[in-house]
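Remarks on the structure that follows.
Here, each number is a calculation from the coordinates, and none is a lab measurement. In this text, all values refer to a predicted model and were calculated from it rather than measured experimentally. Reconstructed Cβ throughout: ideal geometry from the backbone, glycine too, with neighbour counts over all protein chains shown.
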Amino acid sequence: MMKFAAIGLDHRHIYDLTENLLKAGAECAGYCPETSDPGVIEGFAKRFPRIEPKPRAALLDDKSVAFVATAAIPADRAQLAIAAMRAGKDVMSDKPGVTTLDDLEALEDCVRETKRIWHTCFTERFLTPSTYEALALVRAGAIGRVVQTIGLGPHRLNAPIRPAWFWERERYGGILGDIASHQIDQFIAFTGAKEPRVELARIGSFGTRPGFQDFGEIVLGSEGPRGYVRVDWFTPDGLPTWGDGRIMVLGTEGTIELRKYVDVEGRPGTDHLFLVDKKGTRHVACEGRPLPYFAAFLADVRDRTETAMAQSHVFTVSRLTIAAQLKAEGRP
């Protein structure tokens with residue numbers, strides 16, 4: 001059985017990574033209890049009581065550990081990944097996997113030198129079965145040629161439970177650097193864009209906390225398809241989930257809309273897909289379907305393949321995300 005180590009337990013996304021890797025057949029060799037947020041460790045120990053805490057160095061030195069899963073402080077993820085790859089391990093990181101261009105170049109160099117796999121798990125694609133179904137429909141030609149995607153990523157702020165680093169731009173990477181990688185990833189996945197670029201990027205601070213970036217938007221271009229991204233921290237407390245995340249895909253012969261986490265005043269549950277084409281309208285309930293990414297990642301670690309996601313795709317999404325953040329801030 002393939003083993004992994006959980007290192008960098010600073011964000012609750014480590015729960016999703018660990019749970020789905022275990023479901024896919026991996027074994028967790030241990031977790032590092034060093035954290036900036038003790039609540040994350042408490043939650044991890046409660047969810048996975050059989051996984052033992054172990055020192056970081058011991059986990060990195062353990063030859064039986066094939067890869068590392070991490071949700072460390074965003075600014076620290078790249079250097080942790082580099083240390084893991086130099087120790088002979090592949091890496092699955094929470095988003096954002098990297099927050100600066102210098103760190104991205106260092107990651108690219110490390111991957112090239114070590115031949116290890118470095119993934120960012122884009123959970124808004126890989127943890128939502130509706131997205132797999134939508135991609136299958138698009139690739140089968142259900143809505144013709146894709147013209148544009150619109151990706152909306154609203155989030156609930158939950159200010160009282162956020163650790164100190166969450167409010168520090170250089171630590172979390174800015175709102176676009178932190179969140180918008182999801183929508184950029186899906187733009188490329190749905191359109192197949194070969195030359196994606198950031199044409200417009202803006203951020204705003206509208207009062208959640210002085211100076212804190214709580215709104216961001218991006219216009220994406222390419223050799224053909226277009227994309228629009230909006231992310232924010234304004235999910236009202238009345239919504240029964242953390243955010244009404246949506247993807248809308250415009251094709252030459254139809255449209256697809258995903259209501260991934262809630263159908264407001266509509267059907268119960270998650271992962272609602274709405275297809276409109278020349279035949280009419282259709283709702284597809286996708287909740288509970290398999291999530292193939294995690295088993296594919298394990299196969300890639302074993303076989304040294306790229307079935308779960310191309311390494312070049314991870315680099316491209318990371319570069320565009322950082323570029324959007326810097327453009328929005330007027331930084332070179």
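Extension gain for residue 50 to residue 156 (0.36 nm times residue separation, less C-alpha to C-alpha distance): 35.0 nm.
Taking Cβ atoms as reference points and 15 Å as the exclusive limit, the residues near residue 11 contribute a net charge of -4, counting Lys and Arg as +1 and Asp and Glu as -1. Coupling constants for the range 26-36 follow from the phi torsions by the Karplus curve (6.51 cos²θ - 1.76 cosθ + 1.60, θ = phi - 60°), and in residue order they are 7, 10, 8, 7, x, 10, 7, x, 5, 7, 9 Hz; glycine and proline get x.
The peptide list 266-272, 158-164, put in order of mean Cβ contacts within 10 Å with the highest first, becomes 266-272, 158-164. The angle between the Cα long axis of helix 181-191 and the longest principal axis of the Cα atoms of the chain comes to about 50 degrees, rounded to the nearest 10. Backbone geometry of the range 170-176 corresponds, through the Karplus equation with coefficients 6.51, -1.76 and 1.60 at θ = phi - 60°, to 3J(HN,Hα) couplings of 6, 8, 9, x, x, 5, 6 Hz, x marking Gly and Pro. Our estimate of slack between residue 195 and residue 311, defined as 0.36 nm per intervening residue step minus the Cα-Cα distance, is 40.2 nm.
For the chain, what does the alpha-carbon gyration tensor say about shape, rounded, prolate or oblate, given a ≥ b ≥ c as the root eigenvalues, a/c under 1.5 as rounded, and a/b over b/c as prolate? Rounded is the answer for the chain, as its axis ratio a/c remains below 1.5.
Computed from point charges on the beta carbon alone (+1 for Lys and Arg, -1 for Asp and Glu), the dipole magnitude for the chain about its Cα centre is near 500 Debye.
A Förster distance of 35 Å, applied to the separation of the beta-carbon atoms of residue 135 and residue 12, puts the FRET efficiency at 0.85. Electrostatic tally near residue 269: other residues with Cβ closer than 15 Å to its Cβ, Lys and Arg +1, Asp and Glu -1, net -2. Would you please give the FRET efficiency between residue 109 and residue 64, computed as 1/(1 + (r/R0)^6) with r the Cβ-Cβ distance and R0 = 45 Å, to the nearest 0.05? The formula returns an efficiency of 0.95 here. Counting 0.36 nm for each residue step from residue 302 to residue 57 and taking away their Cα separation leaves a gain of 85.9 nm. When the alpha carbon coordinates of the range 126-215 are projected onto the principal axes, the ranges are 46, 29, 20 Å, largest first. Take the Cα of residue 253, step 7 Å toward its Cβ, do the same at residue 2, and the gap between the two points is 3.7 nm.
For the range 125-285, the gyration tensor built on C-alpha atoms gives an oblate shape. Its axis ratio a/c (a ≥ b ≥ c) is at least 1.5, and a/b is not larger than b/c. On the basis of the beta-carbon distance and an R0 of 25 Å, residue 278 and residue 147 show a calculated FRET efficiency of 0.95.
Directionally averaged projected area (the range 84-133, Cα convex hull): 4.0 nm². Take the residue pairs 95/260; 89/327; 194/327; 3/46; 3/260 and return only those whose Cα atoms are more than 26 Å apart. From 95/260; 89/327; 194/327; 3/46; 3/260, over 26 Å: 89/327; 3/260. In a simple Cβ point-charge model (Lys, Arg +1; Asp, Glu -1; nothing else charged), the range 162-304 has a dipole of about 160 debye relative to its Cα centre.
For the range 245-255, backbone phi angles converted through the Karplus equation (6.51, -1.76, 1.60; θ = phi - 60°) give residue-by-residue couplings of x, 9, 10, 10, 10, 9, x, 6, 10, x, 9 Hz, Gly and Pro being listed as x. Net charge of the neighbourhood of residue 312, taken over other residues with C-beta under 12 Å away and scored Lys/Arg +1, Asp/Glu -1, is +1. Here the range 65-209 was treated as a single set of alpha-carbon atoms; its pair distances binned every 5 Å from 0 give 2, 8, 15, 18, 18, 16, 13, 7, 3, 0 percent. Using only the C-alpha atoms, the convex hull of the range 216-332 corresponds to 171 Å³ per residue.
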